[in-house]
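What follows draws every value from the coordinates through simple rules; no lab data is involved. From a predicted model like this one, the values you see are computed outputs, not experimental measurements. Cβ: placed from backbone, ideal geometry, glycine included. Neighbour counts: every protein chain shown.
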């Protein structure tokens, strides 16, 4: 079963257009959702959660259409964002007692197990929690009502490397039994190289690629050459950067000619994002 099935989402603003967003997340996997700031990640996530009105498109979660079954499906969805900026003066205990009333399947035993696992103390005020602790609290809430789809928007932003690594381990544990699926939006691509099964890349409101992580990376090559070789390949490059030795460029693997005397390597996710961001500059 598909945990998430997104088809042809469109949302037009004055200066930004979400264009025909389409991708799928299979049950029991982690999908990294990457793109530069302003690329459309948060707009897409708000669309999935039905927090904004789409111009067109279809969102199915666990096989059911979101708009028609919103109240039912939101019992199955958990979300965690990079911060909690409401009721910051309240204690964890007070906030939880309000939130749990909205969920039919709330499980106090599971909730207290997650508090213990995440080393959270319910008498602490929200304002006293670190960024990492706020994310863990959001996860504890989501998992205590049996959420099957977790939608995480920049959950590791602002965390130190140890706290981030700890969270990534938690994400991987959560999907082990195949029941929970995670859509993980982030600009920290090294996190996804550690934990993601699939990558979906959005750029300027459009999906550039959505596939299994190794397949996604294998779609591209970084090539290095001399200045005099640039004209031979410039038209095939997604974009390039000149340096003192010549140039480095990103190219689709299908467009790379091995007979050219150019060095090629597999890029990482960050390099793919960076070179796509330079695409418009190189092709003016």
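For this structure, a couple of remarks:
- A simple spin-label model places the labels of residue 101 and residue 128 2.4 nm from each other, with each point 7 Å out along Cα-to-Cβ.
- Here is the tail figure for the stretch 2-211: Cα pairs spaced more than 24 Å apart come to 40 percent of all pairs.
- Per-selection metrics, the stretch 117-245 (Cα): Rg and Dmax in Å: 19.7, 67
- Length added when fully stretched, residue 270-residue 13, from 0.36 nm per residue minus Cα-Cα: 89.8 nm
- When shorter helices are ignored and each DSSP H run of at least 4 residues is given -39500 (n - 2.57), the per-residue value for the chain at 222 nm works out to -8500 deg cm²/dmol.
- For the stretch 84-181, the relative contact order works out to 30 percent when only alpha carbon pairs closer than 8 Å and six or more residues apart are counted.
- Legend: translational diffusion of the stretch 99-146 by Stokes-Einstein, Rh = Kirkwood radius over C-alpha pairs, 20 °C, 1.002 mPa s; D = 196 µm²/s.
- What the Cβ-Cβ distance of residue 94 and residue 51 gives, at R0 = 30 Å and to the nearest 0.05, is a FRET efficiency of 0.75.
- Using a Förster distance of 35 Å, the FRET efficiency for residue 242-residue 193 (Cβ separation, nearest 0.05): 0.80
- In this label model, residue 259 and residue 278 are separated by 2.8 nm, measuring between points 7 Å along each Cα→Cβ vector.
- The relative contact order of the chain comes to 21 percent, based on Cα pairs under 8 Å that sit 6 or more residues apart.
- Largest-first ellipsoid semi-axes for the stretch 76-128, taking √(5λ) over the Cα gyration tensor eigenvalues, angstrom: 18, 14, 12
- Fraction of alpha-carbon pairs over 17 Å apart in the stretch 219-282 - percent: 30 percent
- Sequence-separation-based contact order of the stretch 1-128, relative, with Cα cut under 8 Å and 6+ spacing, percent: 23 percent
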